[in-house]
1. Could you tell me whether segment A:205-216 includes any residue that is more than 14 Å from chain B (Cβ to nearest Cβ) and closer than 24 Å to residue A:109 by Cα?
2. Could you list, in sequence order, the residues of segment B:1-36 that are modelled with pLDDT of 70 or more and closer than 30 Å to residue A:187 by Cα?
3. For segment A:17-34, how many residues meet the condition of being in a strand (DSSP E or B) and open to solvent by less than 40 Å² (accessible area, probe 1.4 Å)?
4. Return the total of residues in segment A:35-51 being touching a residue at least 40 places away in the same chain (Cβ under 8 Å) and out of contact with any strand residue (DSSP E or B) (no Cβ under 9 Å at 6 or more places or on another chain).
5. Limited to segment B:59-85, what total is found for residues that are touching a residue at least 12 places away in the same chain (Cβ under 8 Å) and either in a helix (DSSP H, G or I) or over 16 Å from residue B:127 (Cβ atoms) (or both)?
6. Here are some conditions: (1) open to solvent by 10 Å² or more (accessible area, probe 1.4 Å); (2) of a type in the set (Val, Ile, Thr); (3) part of a helix (DSSP H, G or I). Residue B:157 meets all but one. Which one does it not meet?
7. What pairs come up if the first residue lies in segment A:159-184 and is away from chain B (no Cβ under 13 Å) and over 21 Å from residue A:208 (Cβ atoms), the second is open to solvent by 20 Å² or more (accessible area, probe 1.4 Å) and in a loop (DSSP other than H, G, I, E, B), and their beta carbons are under 6 Å apart, counting only those six or more places apart or on different chains?
8. Pull up segment B:98-123, narrow it to residues that are part of a helix (DSSP H, G or I) and more than 11 Å from residue B:169 (Cβ to Cβ), then point me to the one that is nearest to the other protein chains (Cβ to nearest Cβ).
Amino acid sequence: MQRIVVIDYGMGNLRSVSKAIESVADGDEVVVTSDADIIASADRIVCPGQGAAADCMAALGDAGVVESIQQLMGSRPFMGICMGLQVLLTHSEENEGIDCLNLLPGQVRRFDNPLFDKTKFDETKPDEHAQRLKVPHMGWSKVDQARSHPLWSGIDDGARFYFAHSYYCAPDSDEAVVGRCNYGKEFAVAVAQTKLFACQFHPEKSARDGLQLLRNFISWDGSV
Amino acid sequence: MGLAKRIIPCLDVDAGRVVKGVKFLDIRDAGDPVSVARGYNEAGADEITFLDITASSDNRETMYNVVEQVASEVFIPLTVGGGIRAVSDVRTLLNAGADKVSINTAAVHNPELVREASDKVGSQCIVVAIDSKCVSEPGETPRWEIFTHGGRKPTGIDTVEWAIKMAELGAGELLLTSMDRDGTKIGFDLGVTKAVSDAVEIPVIASGGVGELQHLVDGVVKGGADAVLAASIFHFGEFAIGEAKAFMQAQGIEVRI
């Protein structure tokens with residue numbers, strides 16, 4: 001039996017994350033906590049989160065979990081979901097700019113306003129607008145598996161996952177990018193390093209393929 | 001482009017049981033919320049919406065329990081609306097396992113609630129439900145207004161202006177119901193759907209009036225909706241979710257199959 005800790009820093013729907021993991025973690029212990037000692041005792045760590053970047057950064061600080069994340073990153077499998085991905089980058093444009101954890105060099109940017117579907121833009125008819133896209137990017141989008149990864153096991157390349165976000169990650173290097181999505185532009189939606197996998201979409205809300213990703217995570221040895 | 005248009009079955013819940021009123025009056029029992037939600041998940045629904053129509057606030061707890069049970073075994077997005085009056089109601093529902101909370105009448109009485117709630121929990125969790133009726137005479141330029149109390153009480157507020165205001169206050173999505181179409185099965189009010197969808201940057205869910213699969217297509221293609229919501233055509237087995245998606249896909253609409 002292993003211990004999977006879901007970090008609770010007061011931001012977001014932790015119940016769905018913990019219940020989704022429980023549904024695939026046969027007999028494993030799933031703990032939702034902000035306690036540094038319990039987090040340190042985890043075999044695997046999941047950091048979810050939703051809401052505004054500034055609130056998430058403040059909440060991580062208030063809950064005293066920033067140091068836990070910094071210290072434990074790389075030592076055991078860690079999964080960031082949605083804001084749990086964005087806070088890993090260097091800086092976010094949200095809330096007039098906020099510094100993040102800088103564990104993954106890069107920027108978090110807002111989608112253009114207005115945002116257009118450039119795949120349908122016809123250069124010869126510039127007056128006929130390409131289809132306008134809504135922000136937040138909300139719903140089921142195809143994820144291209146930019147690189148093979150143990151967490152994609154059993155999931156089709158191009159499978160749809162559920163997204164709900166207005167800001168997207170732009171890592172400085174493509175090296176860590178294992179999943180991409182196209183919504184007005186192509187952007188990274190899944191990044192991986194040794195013992196780290198983080199995604200913009202919500203596996204806990206992505207039906208069968210989302211549960212498969214979580215199942216893969218709880219048996220992942222951390223290699224890329 | 002990659003983003004699928006969503007099909008959202010809507011379950012009206014009264015004291016813990018799923019019901020669907022025709023024009024909010026004639027109510028038939030359509031089952032237990034958890035098993036209905038599970039069935040819709042298996043059938044390929046992209047999201048599920050619960051509207052708590054319980055009159056008595058004593059039964060709030062019942063709804064929280066329903067949400068907890070559904071969120072424990074159905075892993076697709078779950079929107080819950082009905083009776084939301086304060087940010088604390090929003091938080092309680094999100095903590096019970098809802099992904100989005102839909103604010104309706106309370107937004108009309110206190111628009112700042114939308115701002116407070118989206119500031120606290122993020123826009124992506126806040127849906128504003130707009131109950132609208134056409135108030136112009138045939139032949140006039142179409143105009144729509146917001147109604148409360150199940151479509152009985154006019155407010156004098158212009159639907160499109162209201163939609164823009166709600167988006168500015170931080171709504172992440174709009175659930176637009178044509179009260180004069182709800183339960184009629186003659187199709188969405190495409191005029192108001194298009195007017196609202198064009199006016200705001202945020203996604204719009206079309207609701208009210210679906211009777212055939214072509215109506216779903218029209219809501220997306222002619223109404224510009226990002227998602228389509230329906231109840232009775234799915235609840236009473238007239239059409240399956242998969243059938244609806246296949247129909248939409250055959251007409252060139254991107255769906256999640």
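The values are calculated or read from the model by the stated rules, or taken from the named source; none is laboratory data. No experiment lies behind these values; they were computed from the predicted model shown. Glycine gets a Cβ as well: all are built from the backbone with ideal geometry, and neighbour counts include every protein chain shown. Side chains included, ligands, DNA and RNA excluded: accessible areas come from the protein's heavy atoms. Shrake-Rupley method; radii C 1.70, N 1.55, O 1.52, S 1.80 Å.
1. Within segment A:205-216, the first condition is being more than 14 Å from chain B (Cβ to nearest Cβ), and the residues that meet it are A:216.
Applying the additional criterion that residues be closer than 24 Å to residue A:109 by Cα yields none.
No, that holds for no residue.
2. B:2, B:3, B:4, B:5, B:6, B:7, B:8, listed by residue number.
3. Going through segment A:17-34 one residue at a time, the tally reaches 3.
4. 1
5. So the count comes out to 16.
6. Among (1) open to solvent by 10 Å² or more (accessible area, probe 1.4 Å); (2) of a type in the set (Val, Ile, Thr); (3) part of a helix (DSSP H, G or I), residue B:157 violates only (3).
7. If the second residue must be open to solvent by 20 Å² or more (accessible area, probe 1.4 Å) and in a loop (DSSP other than H, G, I, E, B), the pairs left are A:172/A:105; A:177/A:146.
8. Initial filter on segment B:98-123 (part of a helix (DSSP H, G or I)): B:105-109, B:112-121, B:123.
Then drop every residue that is not more than 11 Å from residue B:169 (Cβ to Cβ), which leaves B:105-106, B:108-109, B:120-121.
On the way: B:105: 23, B:106: 21, B:108: 23, B:109: 25, B:120: 8, B:121: 6 Å.
Only one residue fits best here, namely B:121.
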